[in-house]
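A quick write-up on the structure given underneath.
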Amino acid sequence: MLRSSHAVLAVLALAAPALAQAPATGLYGVANFGNPFQTQSLYRVDAATGATTLVGSTGLAQISGIAFDGANLWAYTAAADLYHLNPATGASTLIASLADQAPEGDIAVFGPAAFIARGSQIAAVNLATAALTPAFDLAAAGVSDISGLLFSPAGSLALALNGSAPDTLLALSPAGSVVAAFPTGTNSASVGALASDGANLWISDGSALTRFDALAGVATPVGAFGVSGMSGLTWIPTPGAAALLALGGLVAARRRRA
């Protein structure tokens, strides 16, 4: 269950000094996914080359996804736990343990709720109670094993990466119906994580970075991370700037981890 409200407030109070100085802008990722006993680390990722710079150990194993909400860097694990990560050190702080029967997936935070990709569903998590509520069920659209999420401030559209050949980004309405499809050109690579800087989608196949222009439908290989198992990506924008998805809305992707 969620920590008590007093405990959460205490955690946020302790985190406040660390967040007083805005984290460095850019692409961040967590790597070394695969071994459930292997600790993962937080990295900064050079969007021009794909090369990584170690930030620090998270102390966590099997992080399914990360997200930045403008104030906090969130992490979601295969044990169905929610954490805050310190973007300057990688250190983790437990925020909630969820009673989730299908914990594999990514995290996105929108307003007062976190959203978790699980199976063919996207569930909302009430951060005050840790209650899970189904938000999208994409099984009818032929989507399964969703594991990457992004929200625009309006939360108006969704994009799902289906595991068909070639891999395809599906634009979804808020009700979950397919609006449009965009081949990514990355079907030869396993798509493991997504991020957006407002103009591009950034895709991890576990070992290398690809830039995808959703408006043009063009994917461009960037380069190797130099580390394996990059299971989560997020973009930390310039303070005060919103990282909008190119087509606006939520992104859900089928993950096949390297």
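Taking amide H as placed 1.01 Å from N in the peptide plane, the amide H of residue 192 sits under 5 Å from that of 204, 205, 206, 256, each at least 5 places away or on another chain.
Projecting label points 7 angstrom from Cα along Cα→Cβ for residue 94 and residue 224 puts them 3.7 nm apart. Rank 66, 143, 41 by how far each Cα sits towards the positive end of the charge dipole of the stretch 29-147 (+1 on Lys, Arg Cβ; -1 on Asp, Glu Cβ) and give me just the farthest. Comparing the listed Cα positions along the dipole, 41 ranks first. From most to least packed by mean Cβ count within 10 Å, the peptides 116-123, 24-31 give 116-123, 24-31.
Values quoted throughout were computed directly from the atomic coordinates according to the rules given, and no laboratory measurement underlies them. Quantities reported herein were computed from a predicted structural model and do not represent experimental measurements. Note: ideal-geometry Cβ built from the backbone for every residue, glycine included; neighbour counts use all protein chains shown.
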